[in-house]
Amino acid sequence: MKGWPKNMQNTKINKVSFDVWIRRVRYAYKKIKELDAKYNEYYINYIGYKGVNYEKDYESGSPVSPYENINHWLDMMDQVEKEKKQYEPIMESLKAFKKRLTSREKEVLVLYNIEGHKASETAKKMGISVGRVYQIEDGLKIRRKV
């Protein structure tokens, strides 16, 4: 599990407790968002190099080639894609787990456990009590074990 913090590397996805699993999911979710932003930045730079540029390179006096750095941006985009692949197993386990949940359980899982909203914020968004958020979370822990 290259790229993961050392405290998240030592066990298999399906054999860990809910708390460890959700920390891994939260970490992967955050990293994927960061990598998507990085990919988009590289893609925008790549598109920019596809345009024709008639300016001269002042050092050499020759026209600047629009394809000069295309390979650089393509390599960077490939590197981001490879890095994202390491988070696929944990995100697949999340997808499989979510299939077994009700819509309310999914909402608590995403808002409270993954996105890291406070229980009070989650309760307010969902129109339920804070106690109910904790009850649903406890149910998620039990369902994860099964």
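Values in this text are rule-based calculations from the coordinates and carry no lab data. Just so you know, these numbers come straight off a predicted model, no measurement behind them. Positions of Cβ are backbone-derived with ideal geometry, glycine not excepted, and every protein chain shown enters the neighbour counts.
Please rank Val25, Val130, Val108, fewest neighbouring Cβ atoms within 10 Å first, as an exposure proxy.
Working: Val25 20, Val130 14, Val108 26.
Ordered from fewest to most neighbouring Cβ atoms within 10 Å, Val25, Val130, Val108 come out as Val130, Val25, Val108.
If you place +1 on the Cβ of every Lys and Arg, -1 on the Cβ of every Asp and Glu, and leave all else neutral, what size is the dipole of the range 100-146 about its Cα centre, to the nearest 20 Debye? Write out the running numbers ahead of the final one.
Details: 11 positive and 6 negative charges, 36 e Å.
For the range 100-146, the charge dipole is close to 180 debye.
Which net charge results when you count Lys and Arg as +1 and Asp and Glu as -1 among the other residues whose beta-carbon is under 9 Å from that of Arg143?
On the way: positive: Arg100, Lys141, Arg144, Lys145; negative: Glu105.
Overall, the nearby charge balance is +3.
Expressed in nm to one decimal, what extension gain is obtained for the pair Ala96 and Glu115 from 0.36 nm per residue of sequence separation less their Cα-Cα distance?
Numbers: separation 19, 0.36 × 19 = 6.84 nm, distance 1.83 nm.
That works out to 5.0 nm of additional length.
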